[in-house]
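Heads up, the thing below is written out as structure tokens.
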Amino acid sequence: MWERFSYYGIRPLLVLFMTAALAQGGFGFERNTASSIVGIYAACVYLASLPGGWIADRLLGLRRAIWYGGILIALGHLSIALSIVFARSAFFIGLIFIVLGTGLLKPNISAIVGDLYPEGGSRRDAGFSIFYMGINIGALVAPLITGILGERVGWHLGFGAAGVGMLIGLITYRLRADKTLGDIGVVPASTDPAEHRRVKMSALIGVGVIALLVILTMSGVIHINPVSLAEKMSVVMLALALLYFIYLFVLGGLTAEEKKRVVVIILLFVFATIFWAAFEQAPTSLNLFARDYTNRVVFGWEMPTLWLQAANSVFVIALAPVFAWLWISLGRRGRDPSSVAKFAWGLFFAGLGFVVMWQASNVVIANGGSIRVSPWWLVWSYFFQTIGELSLSPVGLSSMTKLAPFKFKG
């Protein structure tokens with residue numbers, strides 16, 4: 001919950017901060033530049049899950065990977081908060097820390113939840129729905145706090161508040177993990193010392209390359225165009241994912257049955273990629289629409305832009321128990337839809353959410369961009385996207401833990 005508090009606390013705040021004028025304490029970036037940076041950041045967060053899961057499987061184990069990931073995330077928030085003193089370099093270094101930390105934490109905490117339900121079935125799907133509801137409590141509270149602090153008091157205070165949430169999560173995890181999880185996730189899938197050494201060397205090389213790129217960029221040797229980089233990253237990420245799946249087939253030592261399951265994983269991966277590409281418009285284009293074209297005045301008081309970001313989490317918390325009951329009920333009657341069918345429904349409702357925003361945009365355009373539309377357009381859009389999310393995301397997490405080969409479970 002607290003990791004999601006930290007993530008969703010700064011995610012929508014980033015684009016507002018970077019597009020704010022210098023006189024308002026922001027960076028004064030163009031909208032497309034700021035949106036591209038947020039897109040690169042979000043893409044790297046998901047991409048980092050691949051090496052993060054690999055390191056947990058081959059070296060750290062799930063539990064230690066989560067712990068070290070949380071520490072890196074907390075350091076990232078601290079660096080961003082201190083960028084008010086140390087300027088932009090600290091801001092972007094903080095984002096890198098958060099990416100690395102989330103890569104270690106995000107895939108492995110999902111794997112641990114899967115290990116709590118070794119029997120699988122609809123009960124595991126229900127468990128992941130409850131897990132999803134829990135983390136969305138953090139995602140609900142986060143924009144309410146960071147929004148009022150960041151937009152009304154000071155940007156860096158909002159960033160710092162998100163970091164405090166991560167620290168609370170670290171303390172809670174340290175105190176309760178042994179009692180709650182027992183020995184789950186303590187031992188990595190691989191216990192080969194030679195492989196441990198190879199993974200350590202690979203991780204050190206990766207960190208060294210990142211550090212070198214940061215130094216070269218800060219010194220002006222390398223110039224990065226965020227818009228151009230964002231356009232190319234989608235191709236690179238798809239290529240890397242393809243290479244990873246090829247590696248699983250050719251060098252992963254999988255059985256014939258495991259290879260069949262990996263084919264299903266690839267199909268679900270494609271569906272999920274399309275869904276999350278649309279869903280990640282929330283902290284960028286939809287967030288800017290809320291700021292610039294949405295009437296946020298309630299009883300004479302204008303609510304912070306970020307508060308509308310909480311709508312998704314409100315719907316998740318309200319609907320997650322309904323979906324948990326639905327999957328169990330259908331499973332008992334032998335009518336539980338396949339994972340692929342659930343993914344298809346997820347894409348359908350996500351698309352419906354953007355049809356709503358297409359209509360809202362038409363209203364703004366028809367009036368020359370001079371009016372602010374009702375916030376209900378965004379609320380309904382988030383409602384449909386949430387139905388899509390609950391159809392796809394918890395089921396996707398559960399499916400991956402069921403389908404993933406044991407050696408690559410992270």
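Here is a yes/no grid of residues against (1) crowded, with 21+ Cβ neighbours inside 10 Å; (2) of a type outside the set (D, E, K, R); (3) assigned to a helix (DSSP H, G or I); (4) at pLDDT 85 or above:
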{"position": "104", "(1), (2), (3), (4)": "yes, yes, yes, yes"}
{"position": "111", "(1), (2), (3), (4)": "yes, yes, yes, no"}
{"position": "118", "(1), (2), (3), (4)": "no, yes, no, no"}
{"position": "132", "(1), (2), (3), (4)": "yes, yes, yes, no"}
{"position": "157", "(1), (2), (3), (4)": "no, yes, yes, yes"}
{"position": "167", "(1), (2), (3), (4)": "no, yes, yes, yes"}
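If a residue has to be farther than 21 Å from residue 12 by Cβ and free of Cβ contacts under 8 Å to residues at least 40 places away in the same chain to count, how many in the stretch 311-324 make the cut?
1
Run down 3, 30 and say which single residue is among the acidic types (Asp, Glu) and either closer than 20 Å to residue 393 by Cα or in contact with a Lys or Arg (Cβ under 6 Å, 6 or more places away or on another chain) (or both).
It is 3.
For the stretch 244-280, enumerate the residues that are over 30 Å from residue 381 (Cβ atoms) and of a type in the set (Asp, Glu).
257, 258, listed by residue number.
Output the residues belonging to the stretch 175-217 that are outside any helix (DSSP H, G or I) and either β-branched (Val, Ile, Thr) or touching a Ser or Thr at 6+ places or on another chain (Cβ under 8 Å) (or both).
Within the stretch 175-217, 184, 186, 187, 191 meet the criteria.
Residue by residue, here is whether (1) modelled with pLDDT under 85; (2) surrounded by 24 or more Cβ atoms within 10 Å (Cβ to Cβ); (3) in contact with a strand residue (DSSP E or B) (Cβ under 7 Å, 6 or more places away or on another chain); (4) part of a helix (DSSP H, G or I) holds:
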site: 128; (1), (2), (3), (4): yes, yes, no, yes
site: 144; (1), (2), (3), (4): no, no, no, yes
site: 149; (1), (2), (3), (4): no, no, no, yes
site: 173; (1), (2), (3), (4): yes, no, no, yes
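Limited to the stretch 75-102, what total is found for residues that are of a type in the set (Gly, Ala, Ser), closer than 22 Å to residue 153 by Cα, at pLDDT below 90 and surrounded by fewer than 18 Cβ atoms within 10 Å (Cβ to Cβ)?
Result for the stretch 75-102: 1.
Count, please, the residues in the stretch 330-382 that happen to be of a type in the set (S, T, N, Q) and either in a helix (DSSP H, G or I) or within 21 Å of residue 314 (Cβ to Cβ) (or both).
Count: 6.
Restricting attention to the stretch 359-369, does a residue exist that is at pLDDT below 95, touching a Leu at 6+ places or on another chain (Cβ under 7 Å) and among the aliphatic types (A, V, I, L, M)?
no
Quick one: residue 24 ticks every box in (1) at pLDDT 85 or above; (2) crowded, with 22+ Cβ neighbours inside 10 Å bar one, so which box is it?
Every condition holds for residue 24 apart from (2).
Being closer than 29 Å to residue 199 by Cα and touching a Pro at 6+ places or on another chain (Cβ under 8 Å) is true for just one of 52, 69, 9, 76. Which residue is that?
52
Report the residue count in the stretch 1-46 for those that are part of a helix (DSSP H, G or I) and without any contact (Cβ under 8 Å) to a residue 12 or more places away in the chain.
Residues meeting the conditions: 3.
Considering the stretch 196-237 alone, what residues qualify as being under 23 Å from the mean Cα position of the chain (by Cα), under 26 Å from residue 404 (Cα atoms) and surrounded by fewer than 13 Cβ atoms within 10 Å (Cβ to Cβ)?
235, 236
Quick check: anything in the stretch 375-394 small (Gly, Ala, Ser), at pLDDT below 80 and surrounded by 16 or more Cβ atoms within 10 Å (Cβ to Cβ)?
Yes, there is a match, as at least one residue in the stretch 375-394 is small (Gly, Ala, Ser), at pLDDT below 80 and surrounded by 16 or more Cβ atoms within 10 Å (Cβ to Cβ).
The values are calculated or read from the model by the stated rules, or taken from the named source; none is laboratory data. Computed from a prediction, not measured in an experiment: that's the story for all the values here. Cβ: placed from backbone, ideal geometry, glycine included. Neighbour counts: every protein chain shown.
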